[in-house]
1. Is it true that A154 is open to solvent by 10 Å² or more (accessible area, probe 1.4 Å), small (G, A, S) and at pLDDT 95 or above?
2. Return the pair list, or none, for Cβ contacts closer than 6 Å from residues in region 164-179 that are farther than 25 Å from N213 by Cα and at pLDDT 95 or above to residues that are aliphatic (A, V, I, L, M) and part of a helix (DSSP H, G or I), at least 6 apart or on different chains.
3. Looking only at region 39-49, filter to residues that are surrounded by fewer than 21 Cβ atoms within 10 Å (Cβ to Cβ) and within 16 Å of the ligand (Cβ to nearest atom); which one of those is nearest to I128 (Cα to Cα)?
4. Among the residues of region 1-25, which ones are under 27 Å from Q238 (Cβ atoms) and loosely packed, with under 14 Cβ neighbours inside 10 Å?
5. Within region 195-252, how many residues turn out to be open to solvent by less than 10 Å² (accessible area, probe 1.4 Å) and closer than 18 Å to L22 by Cα?
6. From the list I90, I75, exactly one residue is touching a strand residue (DSSP E or B) at 6+ places or on another chain (Cβ under 9 Å) and under 17 Å from A41 (Cα atoms). Which is it?
7. In region 167-194, how many are of a type in the set (S, T, Y) and either more than 24 Å from H8 (Cβ to Cβ) or touching a Cys at 6+ places or on another chain (Cβ under 8 Å) (or both)?
8. Test A154 against the criterion of being of a type in the set (A, V, I, L, M) and at positive phi, and give yes or no.
Amino acid sequence: MFTDSHCHLADAAFAGCLPQILHQARQAGIHRFIVPAAEAADWPAVYALSEASPDILGALGIHPWFAEQAESGCIEKLSRQLQRQPEMWIGEIGLDYHRSRSEEDRAKQRDLLSQQLAIARQLNRPVILHNLRSSNDLLALLKQHGIRRGIVHAFSGSLEEAEAFIQQGLLIGIGSLLLNPTAKKARRAAAELPLSSLVLETDSPFMLANSTNTPANLRDIAAIAAELRGISLSELAQQTEKNIDSLLTVNR
Ligand SMILES: [Zn+2]
């Protein structure tokens with residue numbers, strides 16, 4: 001049994017077909033789904049999903065791609081909503097310096113992230129982090145806010161970067177990049193990082209060039225990760241589940 005630690009099940013790509021998508025995934029041995037929001041407009045749908053299914057765990061937050069249009073007052077709204085919903089995590093939040101080239105935009109991302117990390121610290125919730133070419137600044141902000149519980153998702157950096165996040169207490173999410181045989185860094189991370197710090201994800205519906213990614217694909221990702229590490233699928237399942245469970249302390 002596996003957890004898809006990052007799937008955007010509230011995305012419009014799954015409108016109308018989510019029951020089948022979940023059924024297929026459960027048939028493939030995926031028994032838990034962590035579903036982040038991208039922007040405030042997603043929060044009701046993510047919350048509704050997590051309320052409807054005990055195997056769906058939701059996270060609320062504002063993704064760095066939406067830093068630009070985030071409305072004033074959204075941070076207060078996030079804080080209020082999370083206080084009412086103690087089982088929700090915070091995500092997807094983070095930095096994306098690949099997308100934002102200007103220092104002004106990057107500063108906006110850091111400001112939005114910083115405010116959300118402050119809430120994570122105050123309410124003691126795990127965070128789901130997006131990080132693209134921004135590891136140094138992301139780590140600095142995590143340290144500044146004393147954040148030690150969460151997942152750096154879709155990891156694509158160097159082993160050294162991964163180890164710095166692990167030192168900070170975070171888990172590393174590895175996923176659909178493994179389906180691409182030329183994604184060397186991701187494969188190296190999957191093969192060499194400590195098993196006690198790895199979790200698996202699809203990032204559905206994204207990441208596949210010609211089709212809609214779905215959580216059922218986690219089975220293939222797990223098979224590749226197990227092969228790269230030279231361990232059995234059940235050993236991989238057992239440890240990655242334990243890693244997710246370690247984040248599930250009561251969020252009060
Ligand atoms: Zn995502």
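The values are calculated or read from the model by the stated rules, or taken from the named source; none is laboratory data. Everything quoted here is computed from the prediction, not taken from an experiment. Positions of Cβ are backbone-derived with ideal geometry, glycine not excepted, and every protein chain shown enters the neighbour counts. Heavy atoms of the whole protein, side chains included, go into the accessibility calculation; ligands, DNA and RNA do not. Shrake-Rupley method; radii C 1.70, N 1.55, O 1.52, S 1.80 Å.
1. Working: open to solvent by 10 Å² or more (accessible area, probe 1.4 Å): yes; small (G, A, S): yes; at pLDDT 95 or above: no.
Against the criterion (open to solvent by 10 Å² or more (accessible area, probe 1.4 Å), small (G, A, S) and at pLDDT 95 or above), A154 does not qualify.
2. A164/L139; Q168/L142
3. Ranking the qualifying residues of region 39-49, first place goes to E39.
4. Step one: list which residues in region 1-25 are under 27 Å from Q238 (Cβ atoms), which gives 1-9, 21-25.
Passing the criteria: M1, H23.
5. 9
6. Of the residues listed, the single one that is touching a strand residue (DSSP E or B) at 6+ places or on another chain (Cβ under 9 Å) and under 17 Å from A41 (Cα atoms) is I90.
7. Step one: list which residues in region 167-194 are of a type in the set (S, T, Y), which gives 176, 182.
Those left that are additionally either more than 24 Å from H8 (Cβ to Cβ) or touching a Cys at 6+ places or on another chain (Cβ under 8 Å) (or both): 182.
Here the count works out to 1.
8. Numbers: of a type in the set (A, V, I, L, M): yes; at positive phi: yes.
The answer is yes for A154.
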